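Every number here is computed from the coordinates shown, using simple stated rules; none is lab data. Values in this document were obtained by computation on a predicted structure and should not be read as measured data. Positions of Cβ are generated from backbone atoms using ideal geometry, with glycine treated the same way; all protein chains shown enter the neighbour counts.
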Amino acid sequence: MIQPPGESPFKYQDAGKNLQRKMMGQEYDALAHAKETKTPVAYLFISGNIQELFRAFGFLVLYPEINALQCGIKKAAGPLILKAEDKGYSSDVCGYVKNDIGLVIQNNKSPMGNLPRPDLLVCNFSGCNTYIKWFEALSEFYDVPLVMLDVPYVRDAAVPKEDLDYTVSQLHDLVATCEKITGKAFDKAELSRILELSRKAEDRWCEVLEEAANVPSPIDAYFEAVFFMAGINIFRGTKECVDYYDAVLREIAERKERGIGPVEKERFRVVMEGPPPWPHFRAFWELFKRWGVVATAATYPKVGGLFDTGLRHDPSRPIESLAEYSLQCYTNWSLDKRAKLIEDYVKHFKADAVVIHSVKSCRSFSVGQGDFRDKFVREKNIPTLLVESDLADPRYFQEAQLRNRIDAFFEALEHRKLTAKGGA
Amino acid sequence: MSKAPFVERFADLATDPTFPSVREWKAKTGRKAVGYFPVFPPAELIHAAGMLPVGIMGGGTRVEIDHADSRMQSFVCSISRSTLELGLTNRLDFLDGMTFTTICDVARNLSGVWKRNFGQVALSELLHMPQHSNHAAAVEYLTAEFARLLKRLETLSGETATPEKLRDSIDLYNRGRARLRALYQVRALHPERLSAAESSVLARLGCVMPKEEHIKVLDGALEEIQARRARPRDAVRVILEGSFCEQPPLELIETIEESGCYIVDDDLCLGQRWFNEEVEVNGGDPVRALAAAYVNHSSMTSVRHQGQSRRSETLVGRVRRAKANGVIFCSAKFCEPALYDFVLFKEVLEREKVPYLSVEFEEKMGAFESARTQVETFVESVLFA
């Protein structure tokens, strides 16, 4: 396998990543031809998305967030964001939104190909108020109806029955809307068949994540998992998705056999909180790799569903199960629940520290992270580093500053480890 | 320029971050007080449970941020940072509880920070407010949400909020909102009689005063206003939009008015007059009546999805009804809901040829000269267009 120059020193043949790239390519190709194939297109958000329902009705689903992520990693985000700012969007609002508005302005000609207009906008609300404002804008720009799925925020240990009932009732409304748009009757058996495939992929995804409990870890549960998560985020309910995770698992098995991991020698294990800076993804990873840091767990790959907490789609209760799933995505959890999950990760995945990457764009993720740090450091004695930049806007990535912070943190952590050993 | 009478009389009390009127009320009555972060206040529920609802509207110009910096990033609005600062410096220790609503991601997460830092000593609740209008399941849901909060409020106060008490509270707050609507009517018909700075102070008093007393103050004010005989100025009629949560410094509102504007409608202190019409109980379940009022008759604002009707069209309708010559967007720095809507608003105003100006503010802004120049230029361009 030929690695482009500047790629990571890790030379392993990246089967999972390559297959993921191929699947993404095919998906964007289908989207580019949606009009010719007369396939209805629904726009959805990743957090708690209910793609299986749309799959059952034969929709293609487009995720503006994924487009923004792709533009970020392909270094196309900067100019798109500026286009949206020229239109009046403030420098202080979410870069993903501005990236998407930039695409609307240039008639959806994207680095991933031509993107279709929506036939339906579904704001599956969980986790982010900006979602509402985002699709309100698209609804005006495209003159397309917006369906709101208002998903209650999960605050207490158990979800109250009313919260679940409310979500279920809205899903029934949504089913009726889909019937109207497609002219097809709802096929419950088909949805159950799709959910069975989702469940299989979810089992395998959790196996992938669990591998990071090994010492040393054969995978990076952040810098690699953000690619591995594509399946669980956007290809659930397909056989290809199940096969994809089988391929990833084979790759990991092989890594373990050959003693290869994401870094040459694992020196530090961390739990990562927050989305990565897509426009500077590799540079950001390198800042950790040079210290032999491996992320053994991360919260960002759980935005599409907290399957590692035991959550699964249940084909025997399709609509209820979709409702349960929509409620249980990471950013729809209260800060208290999020902090506890991170602490559990630290224990289970034997991490030395927590690293928080706080992004300006996503207040839903980032507001409260300073309080996490306070809690972890003062109450839990978990060394915690908080660094700031952005997930979409390349202007906020200050590499020299980040390097200084990260170096200082791991120097101190190394010292702490040595003295802990010496003093024991 | 001398201060307008109601500003002179009430501004200090309304914006004092030491909350003297609330402390005094607590000492006098021996009862408890529960704060609410904007925009929507569950005031009737707190009142019916025998406690004082207190609007916590940030630190204004008088609070330095020293401790909240390490918990809240520099890229969030002043009100969330200064409110947390008030909490971390024990300046809200007179509160027995605090409520938040899901108005935006910052407020929602602030409630989580609040719960960790103060949840051990005081009630800390977040209400998920439905994003649907005219929707039966949303009413059902919010009824349950309100009932859950009410139960916790009752436990806190040790008093039962009987249906009678709830009806009385709703009636009381209906009367308060009717007075505030009357103030807005004066400003729409006779803006020379009451400035926006004055009316915002009168509304804001409702944050720190028992509603019974607030109504008395408003009645007195309405009477006084009736007797005012000011001559109309040659001013531009504008709508102020974007101040539904964090409040601009009073000096900024005054600056806009002094620079040649009549602010004939605004969304200042919006939570104080949230419902567009009376909350109708009609002998039914009062909690459900409140929920139905929220879902079906709320003020439409940037923190409330309004279904298929468009925010931009709502604004144009308000401009026409108020016979306004223009719109001044006055939103807090970093306020995402307002900043997103600004683009939609701006586009429709351009299509409809309605002049507009955008003035961003922060709690601690100290200089208003550039705002003055901006508004004066805007006024000239409208007058001589």
query = At a Förster distance of 41 Å, what's the computed FRET efficiency of residue A:35 paired with residue B:296, Cβ-Cβ distance as r, to 0.05?
reply = 0.60
ask   = Counting Lys +1, Arg +1, Asp -1, Glu -1, what net charge surrounds residue B:155 among other residues with beta carbon under 12 Å of its beta carbon?
value = 0
request  = Find how much the distance from residue B:13 to residue B:323 grows on full extension, using 0.36 nm per residue of separation minus their present alpha carbon separation; answer in nm with one decimal.
outcome  = 108.3 nm
query = Dividing the alpha-carbon Rg of the stretch A:15-423 by 2.2 N^0.38 Å yields what?
reply = 0.97
message = Taking the beta-carbon count within 10 Å as an exposure proxy, list B:237, A:363, B:204, A:290 from fewest neighbours to most.
response = A:290, B:237, B:204, A:363
task = For a footprinting-style exposure proxy, rank B:10, A:223 by other Cβ within 10 Å, fewest first.
result = B:10, A:223
note = Among B:193, B:311, B:231, the residue with the largest mean-square fluctuation in a Gaussian network model of chain B built from Cα contacts under 10 Å is B:231
key: Averaged over A:145-158, number of beta-carbon atoms from partner chains that fall within 10 Å   = 4
key: Shielding by other protein chains, B:138-149, mean Cβ within 10 Å   = 3
query = Helix B:5-15 versus the longest principal axis of chain B: what angle, 0 to 90°, nearest 10, using Cα atoms?
reply = 40
ask   = Can you list the equivalent-ellipsoid semi-axes of the stretch B:191-286, largest first and in whole Å, using the square root of 5 times each Cα gyration tensor eigenvalue?
value = 27, 17, 13
inquiry  = Please report, in whole Å³, the volume per residue of the convex hull around the C-alpha atoms of the stretch A:358-424.
reply    = 82
request  = Kindly put A:177, B:101 in sequence by how many other C-beta atoms sit within 10 Å of each C-beta, fewest to most.
outcome  = A:177, B:101
key: Using a Förster distance of 22 Å, the FRET efficiency for residue A:377-residue B:91 (Cβ separation, nearest 0.05)   = 0.30
Helix axis angle, A:225-234 relative to chain A longest principal axis, alpha carbon, degrees = 20
query = Quick one: net charge of residue B:183's neighbours, Cβ under 13 Å, K/R +1, D/E -1?
reply = +2
query = Where the only charges are on Cβ atoms (+1 Lys, Arg; -1 Asp, Glu), what is the dipole of the stretch A:15-423 about its Cα centre, to the nearest 20 debye?
reply = 980
task = Give me the Kirkwood hydrodynamic radius of the stretch B:5-157, using the inverse of the mean 1/r over all pairs of distinct Cα atoms, in Å to one decimal.
result = 16.3
query = In degrees from 0 to 90, rounded to the nearest 10, what is the angle of the helix A:77-87 Cα long axis to the longest principal axis of chain A?
reply = 50
Two-decimal ratio, the stretch A:225-298, of alpha-carbon radius of gyration to 2.2 N^0.38 Å = 1.25
key: Hull volume in cubic angstrom per residue (convex hull over the Cα atoms of the stretch A:177-243)   = 98
Label-point separation in nm, residue A:407 to residue A:91, each point 7 Å along Cα→Cβ = 2.8
request  = Compute the convex hull volume of the Cα atoms of chain B, divide it by the residue count, and report the result per residue in Å³ as a whole number.
outcome  = 131
request  = Per residue of A:212-221, count partner chain C-beta atoms within 10 Å of its C-beta, then hand back the mean as an integer.
outcome  = 0
request  = Return the long-range amide H neighbours of residue A:124 (sequence gap of 5 or more, or a different chain), with a cut-off of under 5 Å between placed amide H atoms.
outcome  = A:45, A:149
query = What are the residues whose amide H is under 5 Å from the amide H of residue B:236, where those residues sit 5 or more places off or on another chain and H is modelled from the backbone?
reply = B:261, B:262
query = Taking a temperature of 10 °C and a viscosity of 1.306 mPa s, what whole-number D in µm²/s does Stokes-Einstein yield for the stretch A:298-424 with Rh from Kirkwood over alpha carbon pairs?
reply = 95
ask   = How big is the C-alpha Rg of the stretch A:30-132 next to the rule-of-thumb value 2.2 N^0.38 Å, as a ratio?
value = 1.07
ask   = So what are the protein assembly as shown's ellipsoid semi-axes, whole angstrom, largest first, if each one is the square root of 5 times an eigenvalue of the alpha-carbon gyration tensor?
value = 46, 29, 27
query = With Cβ to Cβ distances under 15 Å as the rule, what net charge do the other residues near residue B:366 carry (K, R +1; D, E -1)?
reply = -3
message = Using the Kirkwood formula on the Cα atoms of the stretch B:239-385, what hydrodynamic radius do you get, in angstrom to one decimal?
response = 16.4
